[in-house]
Amino acid sequence: MRLLHVINLRLTAVTAILLVFWSVFFYITITREINDELDDSLENYAELIIRRKLRGEALPDHSSGSNNQYYIKPVSRQEALRHDVIRYRNVQVYVSEAGEHEPARVISYTFRTGQGQYYQLEVFTPTIEQDDLKESILWSMLILYVCILSSILLINVWGIRYSMRPLRTLLQWLDRYRLNGPNAPLRNPTRIVEFERLNQVVTSAMQRNEEVYRQQHLFIGNASHELQTPLAAALGRIEMMLEDDSLSEHQMGELIKLQRTLTRLSKVNRSLLMLTKIDNGQYAQPAQVDMGQRLSQLIDDYESAYGSRHLQVQVSSQEPLVLQINEALADTLLANLLKNAFVHNVQGGSIRITITRDSLTLANTGTPHPLDKRLIFTPFYHTPDSPSSTGLGLALVKAICQQCQLHLSYRFEFPYHCFEISR
Amino acid sequence: MTTYRLTKRVALTLCIIIGCLSMAHADTDKSIRFDQLPQLAQQTIAQQFKGKQIALVKQETDLLSKSYDVILTDGAKIEFDHRGHWSDIDCETYAVPASLVPAPIRSYVSAHYRNAKIVKIERIRRGYEIELSNNLEITFDKAGKALHIDH
Amino acid sequence: MKLLLIEDDPDLREVIQTSLQRERCVVEVARDYREAVSKLFIYQYDCILIDIMLPDGNGLDLLREMQRRGIKHNVIIISARDAIEDKVEGLELRADDYLAKPFHLAELKARIRSVIRRSQQAGECLIRLGNVEIDPAHFSVEVEGRAIEMLRKEYDILAYLIVRPNRLISKETLAESIWGDSIDQADNFDFVYAQIKNVRKKLREAGASIEIKTVYGLGYKLVTL
């Protein structure tokens, strides 16, 4: 879920930075405390020694068992004034037991007795344990940091995922939604106000869509019925009249012309209705269709029908073009393109069809000038050489391509008019 | 991001870093001259410990407050708070100047421990804590009433 | 044959009724759903023609009702709706055929005959005219019991004409039925003529008692000799 990642990233990034600051601050404070404790113990020890010395009492043993060591020596007044009275230093001290140099903290004091004698006192304590302590604190903090960050990350992921469940449910429902299919009602109970609102808005939008769709469906059905039924009656009557053997040839000819006209009208109706249906998305249920296969079936029929024109048909297909498309639409698309190639061709012309994995191109010879690509796909566009066509063939092709998200283009590569549909 | 917002962010980060670093500065004691003590402290020393010589004066900086330690050449140590009021007087071998000890405490001690001397007195939260020459520790409240006795 | 025609448009109803009556069928009519119901479940018919779009109901509901009551009729759905789902649903509801308006009356009659024949012969659908017999299941043609070889298109033409005997079928209509909608833009129908010539030749050579006649150059008629 990308939203999950985005939110998580932001939350975690901010938290990570804050934790860094906190960790640094914490570490510094702790180390400071450790240092201060160390210094305090040295200062107290030093004070003890100074006051004893001042009172003239015995001083503690130099190595009294505790880790602290001291050195005290009388100094001249100039030397005493040369340095700061109190000095703190970190030094490396050679420790005979360990046989090596180890870090230590030193405080030196310069003080004056009542007799006017200046003394310099230095108090040492090894800091190796404190250093080790600081190091282990550092490691612990690092580990803790990683653990906390990971926990926060996981908690965030869980929390967000859980909260976003209604959104996921809604999206899944939308994915499965089909405009003219049976749809399970949206069941997405949630206490979150925004998601509940989203549910409502989506449901009512879909309901409106469905209503519109239903109305259009009904309208088209009615329109078809109202248009075609009178035509059927008229054509039927003509057919009955044709059964009369006593008609003259002329009369029969007229009746047949009449029949032809009405049939043409019926075809225009059918095409218009189909156009409307396509535009309104009334053709769903796509299937896997091998366009090349379908096309070759049609080509056989057309070749014999237009045999008198002696057209050469060449099909080159590197890979099959398989589209997810409603079968009836596929047939109409191919039939119209093919009919176009046959009808608007010249005597002895040729048709070249190229099929690739992503495109289908029909190229036919015809008029020697390029066609106006802005006009040819508009409904009822007639070229002068075929007045009897409905003028809707290419409009249907365009509508189908739009509906199925295919790209349709025309170009003129002398002497071929090339129509290409592609993904 | 506009320049203004960028600057704001950088400034904020710097402040935080500086804050952290300043906190890292350890408290160390510093030696000061006698005349750098608060007036009140100087007065107390001059009046109550007349004639005594100073061995060492230090200033301690804690998290929020300063305090001063004066060590005399006879080994006594007096601690002062940042305003110059004494907070701990430790004379160890001789008695704390009587005028520095609150009257009720003095009378209590002279009443109960006639032969003992107050060698140390400390201001604590509850009141006062004193140490006698016989190693007794007695805690008093602010009014001077005895609260507790430790051996 | 006794037929029931359920169609609300008076014009079309009259045309179909007259045309079928010329075939010596008895044709009852129903104007709407209500009338259809009253006739359908009382009388017996050889075949029923139902228009889906009725003013007070849906023709498919009639089918459902018939199915519910367990009544079996031969049913042909005629519809102008041009909707695939009607066709699918209709056939699922045990309609025997589906015809879209506008249709040729000859087509309608052929389908009626075919439906009845199917139910009478319970599956076996041989078509006989004269001494010619066609088996649609195997695409075979026999004359006087002897099989004759026919190409696919030739067979299609013969099979089409043989169920519409003595009717004038225009060249366009024939071409459309055999070659599909593809042909309506063809300049001339010589290709039809070429196939007809072949069929004629084969029938003649086999001694068939049926013949395809050309009518005024406008169309063809299959007649028995």
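The values are calculated or read from the model by the stated rules, or taken from the named source; none is laboratory data. Values in this document were obtained by computation on a predicted structure and should not be read as measured data. Cβ placement follows ideal geometry from the backbone for every residue including glycine, while neighbour counts extend to all protein chains displayed.
Here's the yes/no breakdown for (1) in contact with a Leu (Cβ under 9 Å, 6 or more places away or on another chain); (2) free of Cβ contacts under 8 Å to residues at least 12 places away in the same chain; (3) under 29 Å from A:Tyr283 (Cα atoms); (4) more than 7 Å from chain C (Cβ to nearest Cβ):
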{"position": "A:Asn222", "(1), (2), (3), (4)": "no, yes, yes, yes"}
{"position": "A:Leu227", "(1), (2), (3), (4)": "yes, no, yes, yes"}
{"position": "A:Ile238", "(1), (2), (3), (4)": "yes, no, no, yes"}
{"position": "A:Ser246", "(1), (2), (3), (4)": "no, yes, no, yes"}
{"position": "A:His250", "(1), (2), (3), (4)": "no, yes, no, yes"}
{"position": "A:Lys257", "(1), (2), (3), (4)": "no, yes, no, yes"}
Take the residues in the stretch A:339-361 that are within 14 Å of chain C (Cβ to nearest Cβ) and under 15 Å from A:Ser409 (Cα atoms), then tell me which one is surrounded by the most Cβ atoms within 10 Å (Cβ to Cβ).
A:Ala341
Among the candidates A:Leu153, A:Leu171, A:Leu149, residue that is over 30 Å from A:Asp40 (Cβ atoms), assigned to a helix (DSSP H, G or I) and without any contact (Cβ under 8 Å) to a residue 40 or more places away in the chain:
A:Leu171
Identity of the residue in the stretch C:128-153, touching a helix residue (DSSP H, G or I) at 6+ places or on another chain (Cβ under 6 Å) and more than 27 Å from A:Lys267 (Cβ to Cβ), that ends up modelled with the lowest pLDDT:
C:Phe139
Scan C:Leu63, C:Leu49, C:Leu99 and give me the residue that is in a strand (DSSP E or B) and under 20 Å from C:Arg34 (Cβ atoms).
C:Leu49
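Would you check if C:Lys87 is within 27 Å of C:Pro165 (Cβ to Cβ) and touching a strand residue (DSSP E or B) at 6+ places or on another chain (Cβ under 6 Å)?
On the way: within 27 Å of C:Pro165 (Cβ to Cβ): no; touching a strand residue (DSSP E or B) at 6+ places or on another chain (Cβ under 6 Å): yes.
Here the answer is no, as C:Lys87 does not meet what is asked.
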State all residues of the stretch A:311-325 that are of a type outside the set (A, V, I, L, M) and either within 28 Å of A:Gln403 (Cβ to Cβ) or touching a Phe, Trp or Tyr at 6+ places or on another chain (Cβ under 9 Å) (or both); if no residue qualifies, say none.
A:Ser316, A:Ser317, A:Gln318, A:Glu319, A:Pro320, A:Gln324
Touching a helix residue (DSSP H, G or I) at 6+ places or on another chain (Cβ under 9 Å), at pLDDT 85 or above and not in a loop (DSSP other than H, G, I, E, B), is that true of A:Ile220?
no
With B:His112, B:His82 as the choices, which residue is surrounded by fewer than 20 Cβ atoms within 10 Å (Cβ to Cβ), of a type outside the set (A, V, I, L, M, F, W, C) and in contact with a Pro (Cβ under 9 Å, 6 or more places away or on another chain)?
B:His82
Residue among A:Cys418, A:Cys404 that alone is surrounded by 14 or more Cβ atoms within 10 Å (Cβ to Cβ), over 19 Å from A:Thr332 (Cβ atoms) and modelled with pLDDT of 80 or more
A:Cys418
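Pick from the stretch A:285-335 the residues that are assigned to a loop (DSSP other than H, G, I, E, B) and under 20 Å from A:Ile421 (Cα atoms): which of them is nearest to the other protein chains (Cβ to nearest Cβ)? Show your work before the answer.
Residues of the stretch A:285-335 assigned to a loop (DSSP other than H, G, I, E, B): A:285-286, A:306, A:310-311, A:318-321, A:326.
From the residues that got through so far, the ones that are under 20 Å from A:Ile421 (Cα atoms) too are A:286, A:318-321, A:326.
Details: A:Pro286: 14, A:Gln318: 26, A:Glu319: 26, A:Pro320: 22, A:Leu321: 21, A:Asn326: 9 Å.
By that ranking, first place goes to A:Asn326.
Can you name every residue in the stretch B:72-87 that is among the small types (Gly, Ala, Ser) and more than 7 Å from chain A (Cβ to nearest Cβ)?
Just the residues of the stretch B:72-87 that are among the small types (Gly, Ala, Ser), to begin with: B:75-76, B:84, B:87.
Answer for the stretch B:72-87, where residues must be among the small types (Gly, Ala, Ser) and more than 7 Å from chain A (Cβ to nearest Cβ): B:Ala76, B:Gly84, B:Ser87.
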Of (1) under 25 Å from B:Cys91 (Cα atoms); (2) more than 11 Å from every other protein chain (Cβ to nearest Cβ), A:Glu57 satisfies all except one. Which?
(2)
For the stretch B:23-38, indicate whether the set of residues that are within 14 Å of chain A (Cβ to nearest Cβ), touching a Ser or Thr at 6+ places or on another chain (Cβ under 9 Å) and at pLDDT 85 or above is non-empty.
no
Would you confirm whether or not the stretch B:101-110 contains a residue that is in a loop (DSSP other than H, G, I, E, B) and either basic (Lys, Arg) or touching a His at 6+ places or on another chain (Cβ under 8 Å) (or both)?
no
Limited to the stretch C:1-19, what total is found for residues that are among the aliphatic types (A, V, I, L, M) and at the interface with chain A (Cβ under 10 Å from one of its Cβ atoms)?
3
Across (1) loosely packed, with under 13 Cβ neighbours inside 10 Å; (2) in contact (Cβ under 8 Å) with a residue 12 or more places away in the chain; (3) in contact with a strand residue (DSSP E or B) (Cβ under 6 Å, 6 or more places away or on another chain), A:Ser76 clears everything bar (3)
Residues of the stretch A:97-127 that turn out to be in a strand (DSSP E or B) and under 18 Å from A:Glu43 (Cβ atoms), as a count:
16
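A quick yes/no check of all residues on (1) touching a strand residue (DSSP E or B) at 6+ places or on another chain (Cβ under 9 Å); (2) surrounded by fewer than 16 Cβ atoms within 10 Å (Cβ to Cβ); (3) on the phi > 0 side of the Ramachandran plot; (4) in contact (Cβ under 8 Å) with a residue 40 or more places away in the chain:
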| site | (1), (2), (3), (4) |
| --- | --- |
| A:Thr263 | no, no, no, no |
| A:Gln293 | no, yes, no, no |
| A:Gln297 | no, yes, no, no |
| A:His310 | no, yes, yes, no |
| A:Leu321 | yes, no, no, no |
For the stretch B:112-151, give me every one of the strands (runs of 3 or more DSSP E) that falls completely inside it and has 2 or more residues that are within 19 Å of the chain's Cα centre (by Cα) and without any contact (Cβ under 8 Å) to a residue 24 or more places away in the chain.
B:127-132, B:137-141
